Structure formats: structure tokens, C-alpha cells
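Chemist: Pasting in a structure now, in C-alpha cells, and then I'll have a few things to ask.
The values are calculated or read from the model by the stated rules, or taken from the named source; none is laboratory data. Note that the coordinates shown come from a computational prediction; the quantities given were computed from them, not determined experimentally. Cβ coordinates were reconstructed from backbone atoms using ideal geometry, including for glycine residues, and neighbour counts include every protein chain displayed.
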Ligand SMILES: [Zn+2]
């Protein structure tokens, strides 16, 4: 699923290719994906210039001229590809299926934007979960607030005390807590596994059982894993498997293979909270349950 690094990379790559371009035509093949606020429609996109691209958690925000904004959430499998008038790929990002360079439009291409320079932006989604919201610029902050996103992990807003306070309120596996966008914005299945492996914390630990040193390790790991993905290139995982020819991701998609830390253990894979989860049984141990003291009633 496109997570923070994928959406942020897409924002960076698309900024030079579509900012300043004006939308001439929009074709929406699957109306359920498009959610304009009352009073607006796809026709209102025509003639508007793209002024800026922003991101909040996994949402890409296109600020348009004359006070409109288009918000795009790629969800599980959305991808965007911008192609020039002469058919050259200018930028792409999101889910890697269909593969980059695949002829577009594809049967799963649901939205097509045509720009004044003859270039085209294709939105393809094999799962049909992605969403586009069209609204007035002054409605964006309220909309984002309603989503209840936690802090952006790569900013100062993501602090150890705040992270600790949010984990303390959750008696769910730490893996599941990391996927909760209210705990930290933008993390999905791949980077949650990477962060836990990096911090040497078992994904089934209960979020509110983590000690302060563990929370500090995890906080640092979340930042370093996301920063690495942005700097070195996002993780590619196809059908739940990491690519053998690439080192990254180190943990996610590596079940059955050796731990990259060289500890000698074989990576495990299990479902945690309904999501395929990968960890090292040696580097990420579950602490033994505390023995019940003699004489303590077993139930009360
Ligand atoms: Zn290991």
C-alpha cells in the first residue's frame, strides 16, 4: 500500500511536472471514487491551474487556482502516472501494479486528467479503494482534522512524550497501534514491520506495555526507516514478498529468509491484526509472562 514515503516521493516527483499546468479536461470512469462537496462537480476542475502539492499523512493535496483543492488518497493500490504529450513518462508513484511503463490507460485506469501542455495524469487502481475529494481551499484543514491524523513522523510534532501518551491508551498489539493513523500519520504495513524490526520489538507486544527505553527506540526507528525510504528509494513489495535483489525492506516480505542483522535466525511471518507481519524471533523476543505470585487469586 502506498505509505508516507511513497506519497511523499510522488509529491516531490510530480511537483516539477504538474505545478503551473492547468487542467483542461477530466474523465472519471468510476464515479464512486470522486467525492466533491455539495455544489462542486468534476466540471469545476476544468480551467484550474495546479498551484502547489502538499501531503498530510497518506493524502496528496493539490491546491488549485481560484480557491479549490483536490485531495487524493491512493489507499491500498492507487497509482498516478504523468505522461507528456509525446508519450514520455514524466513522473509516477503509488502502488507498483501494473508495473511502471505499462501502456495507459489500462482497464483499471479510473480517472484521467488532461493538462494544457498536452500531458496526461492517469489514476489507476486495481482495487478501486482510492478516493478523490474536491473541496474549497478553506475546507481542507477541517477535513484533515476530521480524519484524526496523529503527528507527521518526520516533523518536530512527533515527540517521544506524545507518542508515549498515545501508546499508553492502547491495549492492542504494537503493530496494530502503529497502523492507527491517530497514533502517527502515514505508516502502513511495510514501514510498521521495518520500524519494529529496527527497534527490536515484537509486533505482538501490547502497545501500553512498552517501556520508555523501548518507546524511545521505536520513535527513533520510525523516523530513521521513513527517512531512509525517502532518501534511498521506497520499499518495493509485490504480493507480500520483498524483492530478493534488493536489501530494503529488511524485514517486511522476508518471512522464511535469514534475518538481515545476521543473527542467524529465520524471519517469521504471521497475521497480526489481520495484516501479514514479519519479524525476527531472535532480535524481537516476546518477554516471558510474569509468573503469578503464590496465593494470588486467579480471578476476582
Ligand atoms: Zn535477527
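Chemist: Does residue 244 satisfy the criteria of being farther than 28 Å from residue 11 by Cβ, more than 16 Å from the ligand (Cβ to nearest atom), modelled with pLDDT under 95 and surrounded by fewer than 19 Cβ atoms within 10 Å (Cβ to Cβ)?
Modeler: yes
Chemist: Would region 109-123 turn up any residue that is under 21 Å from residue 240 (Cα atoms) and out of contact with any helix residue (DSSP H, G or I) (no Cβ under 9 Å at 6 or more places or on another chain)?
Modeler: no
Chemist: Working only within region 264-289, note down all residues that are in contact with a strand residue (DSSP E or B) (Cβ under 7 Å, 6 or more places away or on another chain) and in a loop (DSSP other than H, G, I, E, B).
Modeler: Within region 264-289, 267, 273, 281 meet the criteria.
Chemist: For region 152-171, state whether one or more residues are in contact with a strand residue (DSSP E or B) (Cβ under 9 Å, 6 or more places away or on another chain), more than 16 Å from the ligand (Cβ to nearest atom), touching a residue at least 60 places away in the same chain (Cβ under 8 Å) and farther than 21 Å from residue 283 by Cα.
Modeler: Within region 152-171, one or more residues are in contact with a strand residue (DSSP E or B) (Cβ under 9 Å, 6 or more places away or on another chain), more than 16 Å from the ligand (Cβ to nearest atom), touching a residue at least 60 places away in the same chain (Cβ under 8 Å) and farther than 21 Å from residue 283 by Cα.
Chemist: For the list (1) in contact with a strand residue (DSSP E or B) (Cβ under 7 Å, 6 or more places away or on another chain); (2) crowded, with 19+ Cβ neighbours inside 10 Å, I need the number of the one condition that residue 144 fails.
Modeler: (2)
Chemist: Looking only at region 262-284, which residues are near the ligand (Cβ under 9 Å from one of its atoms) and in contact with a helix residue (DSSP H, G or I) (Cβ under 8 Å, 6 or more places away or on another chain)?
Modeler: 279, 280, 283, 284
Chemist: Report those helices (runs of 4 or more DSSP H) wholly inside region 160-260 carrying at least 3 residues which are more than 23 Å from residue 145 (Cα to Cα).
Modeler: It comes to 189-199, 212-232.
Chemist: If you don't mind, another one. Might you let me know whether region 122-133 holds any residue that is within 14 Å of the chain's Cα centre (by Cα), in the same structural domain as residue 211 (by TED's automatic domain parsing) and within 30 Å of residue 38 (Cα to Cα)?
Modeler: Checking region 122-133: not a single residue is within 14 Å of the chain's Cα centre (by Cα), in the same structural domain as residue 211 (by TED's automatic domain parsing) and within 30 Å of residue 38 (Cα to Cα).
Chemist: Inspect region 224-237 for any residue being surrounded by fewer than 16 Cβ atoms within 10 Å (Cβ to Cβ) and within 15 Å of the ligand (Cβ to nearest atom) and give the result as yes or no.
Modeler: no
Chemist: Determine, yes or no, whether residue 145 is at pLDDT below 95 and in a helix (DSSP H, G or I).
Modeler: Numbers: at pLDDT below 95: yes; in a helix (DSSP H, G or I): yes.
In short, yes.
Chemist: Hey, which of the strands (runs of 3 or more DSSP E) in region 14-104, taking only ones fully inside, have at least 2 residues that are closer than 29 Å to residue 237 by Cβ and either touching a strand residue (DSSP E or B) at 6+ places or on another chain (Cβ under 7 Å) or modelled with pLDDT under 95 (or both)?
Modeler: So the answer is 34-36, 50-56, 59-64, 68-73, 78-83, 89-94.
Chemist: Out of the residues in region 247-261 that are more than 20 Å from residue 179 (Cα to Cα) and within 14 Å of the ligand (Cβ to nearest atom), which is surrounded by the most Cβ atoms within 10 Å (Cβ to Cβ)? Show your work before the answer.
Modeler: So the first thing to find is which residues in region 247-261 are more than 20 Å from residue 179 (Cα to Cα), and the list is 247, 256-261.
From what's left, within 14 Å of the ligand (Cβ to nearest atom): 256-261.
On the way: 256: 10, 257: 15, 258: 13, 259: 21, 260: 16, 261: 15.
Only one residue tops the list, namely 259.
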